[in-house]
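The values are calculated or read from the model by the stated rules, or taken from the named source; none is laboratory data. None of these values were measured; they are calculated from a predicted model. Methodologically, a virtual Cβ is constructed for each residue, glycine included, from the backbone with ideal geometry; neighbour enumeration extends over all protein chains shown. In case anyone asks, the SASA skips ligands and DNA or RNA and just uses the protein heavy atoms, side chains included. Shrake-Rupley method; radii C 1.70, N 1.55, O 1.52, S 1.80 Å.
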Amino acid sequence: MTNWNRWFGTYYRFHPLFSIVMLLSIIAGYFIETATLFAIVLVHEIGHVMAAKNYGWRVKEVQLLPFGGVAVVDELGSVPVKQEIIVALAGPLQNVWMILAAYVLKWAGVISHDWATYFIEANMLIALFNLLPILPLDGGKILQSCLTLWQPYYRAIALSSALSLVCSCLLIILSLLHVLRGGIQMNLLIIGLFLLYSNWYSHKNLTYHFMRFLINRDTAVAPLIDKGTLAQPIIVNGRMKVSDIVRLFVRDKYHLVYVLDERGMIRIVLPEKPLLLSYFTESRRGCAISELFM
């Protein structure tokens, strides 16, 4: 993966897959079409970067692929859901204005009908493909963000990861089914394999993703506490482990944990802080809450 340029304090990098596609396009005589796709993808990603920078996110780099890109950020699970959704939508919105501009320029006779048609179709393809509910595509990020609104964060990222793996496999199967018609959808196969590898790697690192969410927990809930918020209760029995309790934490909510005894009476009410401190102490992470606080 080679460093290409740095705009707005962000590195844009070609993924090796992009270089392969560009080389194949030159050999096949489709360089202009592929260069157009590159320009569309670049504008799409600049939309993400500008929206993220507007919220003060730290965008470390953008990996450019033929069908989109992946922004590497430090704000993993530490920003409001609204921000994540807006940043994810900022990419496809660039495709919308480019489609509208192409229609206007075609109507005015500034660009040819054939090139305008290709440009519009390419924008629609990239926008719609990126809205598929597969991570790390924009649609996958939006789905994951929405799931965190009503599911515990760990469960939401596990569900979105599992769904992305299934959908990646379906893309591969779909490309291979073209064998029955005398060929393989090579571009779809390559994209499916890339998404499968990316999601398998992410699935193996779910614990790391969740740890990042918990590490940033204080920063994320501080604005809620500063302006006053209704706490969302979590009710558990004393036998429940600390590691299992923190997996019930919901994004954009502050929790009070009510611990009940065998008779169903409240023994203690705990704020998040002591539970997080216990979780980050490895020797206490697997302990029952009654062993630590009762």
Near pairs, Cβ below 6 angstrom, 6+ apart or cross-chain, from the stretch 121-149 (open to solvent by 20 Å² or more (accessible area, probe 1.4 Å)) to any residue that is not in a helix (DSSP H, G or I): F129/F67; P136/V70; L143/P133
Verdict on A102 being touching a residue at least 40 places away in the same chain (Cβ under 8 Å), open to solvent by less than 60 Å² (accessible area, probe 1.4 Å) and either not small (G, A, S) or not in a loop (DSSP other than H, G, I, E, B) (or both): no
Enumeration of residues in the stretch 243-268 that are of a type outside the set (D, E, K, R), touching a strand residue (DSSP E or B) at 6+ places or on another chain (Cβ under 8 Å) and within 30 Å of K82 (Cβ to Cβ): I245, L248, F249, V250, Y254, H255, L256, V257, Y258
Selection from the stretch 224-283 of residues that are open to solvent by 60 Å² or more (accessible area, probe 1.4 Å) and among the aliphatic types (A, V, I, L, M): I225, L230, I235, M265, I266, V269, L277
